[in-house]
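Here's the structure, in structure tokens; my notes come after.
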Amino acid sequence: MKITTGIITAFFGLFLFTAPALADACSDAARAMVDGDPNATLLSVKSKKGSNGKVTCEARIKIAAEGSAPRVVVKKFKP
């Protein structure tokens with residue numbers, strides 16, 4: 001019983017340690033995309049883990065152009 005509990009605890013703990021690293025990777029990649037464009041503003045970043053185990057990031061970016069209304073673009077990418 002103690003071995004089963006230990007395995008479950010280790011698996012759950014491993015998940016908690018990898019989630020922040022994936023979120024940081026998504027955030028860093030999204031900031032790098034926005035830094036190249038002076039008219040772009042990063043609104044939000046999400047990271048989702050698919051059923052296949054791969055992580056997909058989703059960034060909402062506001063792009064302002066002179067003479068037109070700002071638009072919000074959603075970009076999906078892999079970190």
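Residues that are within 17 Å of the chain's Cα centre (by Cα) and part of a helix (DSSP H, G or I): does the range 34-55 have at least one? Checking the range 34-55: at least one residue is within 17 Å of the chain's Cα centre (by Cα) and part of a helix (DSSP H, G or I). Close Cβ contacts (under 9 Å, 6 or more residues apart or on different chains) running from residues in the range 45-68 that are within 18 Å of residue 35 (Cβ to Cβ) and open to solvent by 50 Å² or more (accessible area, probe 1.4 Å) to residues that are in a loop (DSSP other than H, G, I, E, B) and at pLDDT below 85 are absent. Of the residues making up the range 13-42, those that are among the aliphatic types (A, V, I, L, M), modelled with pLDDT under 85 and exposed (fewer than 15 other Cβ atoms within 10 Å of the Cβ) are 14, 16, 19, 21. Just one of (1) modelled with pLDDT of 85 or more; (2) in a helix (DSSP H, G or I); (3) surrounded by 10 or more Cβ atoms within 10 Å (Cβ to Cβ) fails for residue 9. It is (1).
The values are calculated or read from the model by the stated rules, or taken from the named source; none is laboratory data. Keep in mind the model is a prediction, meaning the values are calculated, not measured. Counting neighbours? That spans all protein chains shown, and the Cβs are built from the backbone with ideal geometry, glycine included. Ligands, DNA and RNA are stripped out before the accessible areas are found, and what is left, the full protein with its side chains, is counted by its heavy atoms. Shrake-Rupley method; radii C 1.70, N 1.55, O 1.52, S 1.80 Å.
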